1. Calculate the radius of gyration of the Cα atoms of the chain to one decimal place, then report Dmax, the largest Cα-Cα distance, as a whole number, both in Å.
2. Using unit Cβ charges (K, R positive; D, E negative) and no other charged atoms, how large, in debye to the nearest 20, is the dipole of segment 2-108 about its Cα centre?
3. Take each complete run of DSSP H in the chain, measure how far its Cα atoms stretch along the helix's own axis, and keep only those covering 15 Å or more with mean Kyte-Doolittle hydropathy at least -0.5; list them.
4. If you average the sequence gap of Cα pairs under 8 Å that are 6 or more apart and divide by the length of segment 2-108, what percent do you get for the contact order?
Amino acid sequence: LTEAHTTGRLVSELKRLRRYRLIIIDEIGYLPFDSDTANLFFQLIASRYEQGSILITSNMPFGRWGEVFADDVVAAALIDRLVHHAEVITIDGDSYRTKTRRQLVNADQ
């Protein structure tokens with residue numbers, strides 16, 4: 001999106017991405033977004049709102065998305081669009097990767 005924005009192709013890139021029935025975005029919150037990137041991400045979500053499906057994974061609760069997107073207002077607008085018509089699935093517990101590793105270590109002992 002950043003490259004498309006820089007080269008003046010953002011509108012056509014967002015249009016291209018709307019053709020997909022599902023977009024999967026993994027690990028939101030793993031790295032913070034700067035203000036410009038957060039705004040581009042908002043444009044992606046807004047362009048797909050009620051137009052196509054989005055699957056997002058995150059270890060970050062919604063209450064901390066203001067930190068991720070460097071702006072509470074942008075975070076609130078994103079969350080609003082994402083959870084409207086959504087199934088939000090919260091998974092509690094240990095990381096699956098950590099659990100698998102622990103099982104392997106215990107099996108070796």
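1. Taking only Cα atoms of the chain, I get Rg and Dmax of 16.9, 58 Å.
2. Roughly 540 debye for segment 2-108.
3. Flagged H segments are 35-48, 72-83.
4. Contact order relative to length: 27 percent.
Where a number appears in this text, it was derived from the coordinates with a stated rule and is not lab data. As the structure is a computational prediction, the values presented were derived from the model and not from experiment. When we count neighbours, we look across all protein chains shown, and the Cβ atoms used for this are built from the backbone with ideal geometry, even at glycine.
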